[in-house]
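K.L.:
Got a structure here, written out as structure tokens. Questions coming.
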Amino acid sequence: MSSHRGGTADLHRSNFHDELCSRAQPPTICTWRSDMIDQDKAASRPMAVAAALTGRSIDDMAFHEQLVVLTGELRALRTPNGRWIFVDAVRLLLRVAGKLLIDIPEGLDDLTQEVRQICETCYVRQQPTIRIGQLDSDLSDAKAILNIGCQPRSGAPCVSVSANGWLCRATSGPASLDGDFSQANPISSLFAASIGVSEVFKRLIEMSDDISPPIENMTFSLFDHSDDPGDIGPTLPSTLEIPNTLLVGGGAIGSGVALLAAQLALRGKLHVVDKQQYADENMGTCVLMERNGWSKRGKAARLAEWISDNGSATASGERDFIADAASRETCQALAPSVVINGLDDVVARHDAQMLWPDIILDGGINNLGAAVVQHRLDNLGKACLRCTFKLPEVDTHAMQADLTGLDIRALIEPGRQLTAEDLESAAPDKRERLRKQMSEGKTICSIVSEAAMARLGVNLDAEFRPSVPFVATAAASLVMAEFAKYLLNPSAAYHQTTVFGSLFLGATSSARINRAADPSCLCVIHRETILSSKVRLRQHLEV
Ligand SMILES: [Zn+2]
């Protein structure tokens, strides 16, 4: 299978792949101590979003001194939806709140035990305080309160959220929400938790009400993306059989997908591919990441392990670029019918589309917005991911010059060794490193590879992206809603792109569009070849 590649990842592909493999083996032995999570790194991405949204730098210490309370109503927490929202909210709040107080009603021993276990394994700064049966306590010290239920707390900075069927509801206003939680659905539940934690974050960063007022009486359907409060959508079966599925990306969105894969009790093969390993930064954005046994482990293998331990799917993981993994044995044997992307770069999206699965679902995020883009092979006319996400124009030599500091005239002779003349014409801030590499007899080619490695794996600042965990879980909810709808009825109408523009603004920022295919794209030009090769592959695998 051919595949377009580009960008930094293209630089001396075989060297880079060999390096990745040698670093990935033998398997890491998990002896990481709990004090090894760097709190500043864990907070760095959410803090960067806070600064971007408010236009001012945030005092990290003061931010994390603010008290956040999570509570819930007994009637709600006795339902599957109430439990899912509560547990999902714990997982998310641990990553954005410094001081967390969790109030649980009496008589919910299983929920309490699960919450305690999550708090012990996932806290970042300090373990939350867990109280039982003290819901009437004074909460006037709280900067924000998240209530899983329908009753508002007048005069308190409180948001209530609920979920029933495919509907998610949220309000920070004075009126009660619909209190029906009866139709179980983990997708709308995760979306409700995401909106609830978003409202908490809004208060923690003290967003102006003029720009982002508190959400009041929001209703949003993950089934038809409407705000019709009367239609809760069809019931979900207790388990869902999935065709062979590939999850590309084990970061923030991929973690939300894995969480829902477990909660939906998906059954079937689920293979995860990701080229990176978890770092402390991911603790602030990935909803499942724990203090021990995650940082410095390959994302794909670790996430697959979590799915196997907590869900019903047969999960496996592979550390690689998707373009390379696609041609290897595991993906070839899997021949995935479904591909789910949780990616942040266009090249990988193009590479994943080249698998031409029956359906590809792509989750995307920015600071506050979440989106799902999908392409189905049996549909004529709607854009694929290659039409939707355009590759940036890349000048390879200019990019290599930027990475290494070398003059472009040196870069056109990759096979020769570095010389003193190269050093003289190099960027001053890179000369010291280049001098050392010259003394080691390095070639131009290997210097470019090392610089690419540094950018991808070591120098995390170069890869730094602001991000908050609750936007990623909202994107995962949108993606898995489309997946579940496809499994329930593959021939039902769908939209090529669904956007939830801002979690701060709520359902009014949602939109759906059908982007048309680009007539010059491979999905149009080679459509017949793609379809016939898929048929041949299936026949081959069935023999
Ligand atoms: Zn296309």
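K.L.:
Could you count how many residues in region 497-525 are within 11 Å of the ligand (Cβ to nearest atom) and either touching a strand residue (DSSP E or B) at 6+ places or on another chain (Cβ under 6 Å) or assigned to a loop (DSSP other than H, G, I, E, B) (or both)? Even if it seems obvious, please write down each step before you answer.
P.N.:
If we filter region 497-525 for residues that are within 11 Å of the ligand (Cβ to nearest atom), which is where we start, we get 515-525.
Still in the list and also either touching a strand residue (DSSP E or B) at 6+ places or on another chain (Cβ under 6 Å) or assigned to a loop (DSSP other than H, G, I, E, B) (or both): 515, 517-521.
Looking only at that region, the number is 6.
K.L.:
Answer yes or no as to whether ALA420 is in contact with a Leu (Cβ under 6 Å, 6 or more places away or on another chain) and farther than 30 Å from ASP351 by Cβ.
P.N.:
Numbers: in contact with a Leu (Cβ under 6 Å, 6 or more places away or on another chain): no; farther than 30 Å from ASP351 by Cβ: yes.
When the stated conditions are applied, ALA420 does not pass them.
K.L.:
Looking at region 497-543, which of its residues are β-branched (Val, Ile, Thr) and either in contact (Cβ under 8 Å) with a residue 12 or more places away in the chain or in contact with an Asp or Glu (Cβ under 9 Å, 6 or more places away or on another chain) (or both)? Reasoning before the result, please.
P.N.:
Here is the first cut: in region 497-543, the residues β-branched (Val, Ile, Thr) are 497-499, 508, 513, 524-525, 529-530, 535, 543.
Residues satisfying the conditions are THR497, THR498, VAL499, THR508, ILE513, VAL524, ILE530.
K.L.:
Test each condition in (1) under 24 Å from LEU260 (Cα atoms); (2) assigned to a loop (DSSP other than H, G, I, E, B); (3) not hydrophobic (A, V, I, L, M, F, W, C) for SER160 and report the one that comes out false.
P.N.:
Failed condition: (2).
K.L.:
Sticking with this structure for a sec: Within region 346-390, track down each residue that is assigned to a strand (DSSP E or B), of a type in the set (A, V, I, L, M) and within 16 Å of the ligand (Cβ to nearest atom). Can you show your working first?
P.N.:
Initially, region 346-390 is screened for residues assigned to a strand (DSSP E or B), giving 359-365, 370-376, 382.
Among the residues that remain, those that are also of a type in the set (A, V, I, L, M) are: 359-361, 365, 370-373.
Hits for region 346-390 are ILE359, ILE360, LEU361, VAL373.
K.L.:
Looking at LEU67, LEU20, LEU11, which one is on the phi < 0 side of the Ramachandran plot and modelled with pLDDT of 85 or more?
P.N.:
On the way: LEU20 fails: modelled with pLDDT of 85 or more; LEU11 fails: modelled with pLDDT of 85 or more.
Within the list LEU67, LEU20, LEU11, the selection yields LEU67.
K.L.:
Of the residues LEU303, LEU236, only one is aliphatic (A, V, I, L, M) and either within 30 Å of GLY55 (Cα to Cα) or in contact (Cβ under 8 Å) with a residue 60 or more places away in the chain (or both); which? Walk me through it before giving the result.
P.N.:
Working: LEU303 fails: either within 30 Å of GLY55 (Cα to Cα) or in contact (Cβ under 8 Å) with a residue 60 or more places away in the chain (or both).
Residue meeting the stated conditions: LEU236.
K.L.:
So which helices (runs of 4 or more DSSP H) are wholly in region 28-147 and hold at least 3 residues that are farther than 25 Å from SER212 by Cβ?
P.N.:
Values: elements: 39-54, 60-65, 74-77, 80-96, 109-122.
Hits in region 28-147: 39-54, 74-77, 80-96, 109-122.
K.L.:
Let me confirm something: among SER255, SER226, which residue is small (Gly, Ala, Ser) and not assigned by TED's automatic domain parsing to the domain that holds TYR486?
P.N.:
Numbers: SER255 fails: not assigned by TED's automatic domain parsing to the domain that holds TYR486.
The conditions single out SER226.
K.L.:
Another question about this same structure. Any residue that is at positive phi and either crowded, with 20+ Cβ neighbours inside 10 Å or in the same structural domain as GLU73 (by TED's automatic domain parsing) (or both) - is there at least one of those in region 126-140?
P.N.:
Our first condition is that a residue be at positive phi; within region 126-140, this holds for 133.
Of the ones still in play, those that are also either crowded, with 20+ Cβ neighbours inside 10 Å or in the same structural domain as GLU73 (by TED's automatic domain parsing) (or both) are 133.
Scanning region 126-140, I find at least one residue that is at positive phi and either crowded, with 20+ Cβ neighbours inside 10 Å or in the same structural domain as GLU73 (by TED's automatic domain parsing) (or both), so the answer is yes.
K.L.:
Can you confirm whether ASN244 is in the same structural domain as ALA335 (by TED's automatic domain parsing), polar (S, T, N, Q), farther than 17 Å from ALA481 by Cα and in contact (Cβ under 8 Å) with a residue 12 or more places away in the chain? Reasoning before the result, please.
P.N.:
Working: in the same structural domain as ALA335 (by TED's automatic domain parsing): yes; polar (S, T, N, Q): yes; farther than 17 Å from ALA481 by Cα: yes; in contact (Cβ under 8 Å) with a residue 12 or more places away in the chain: yes.
Yes, satisfied.
The values are calculated or read from the model by the stated rules, or taken from the named source; none is laboratory data. Quick caveat: nothing in here was measured; it's all calculated off a predicted structure. Note: ideal-geometry Cβ built from the backbone for every residue, glycine included; neighbour counts use all protein chains shown.
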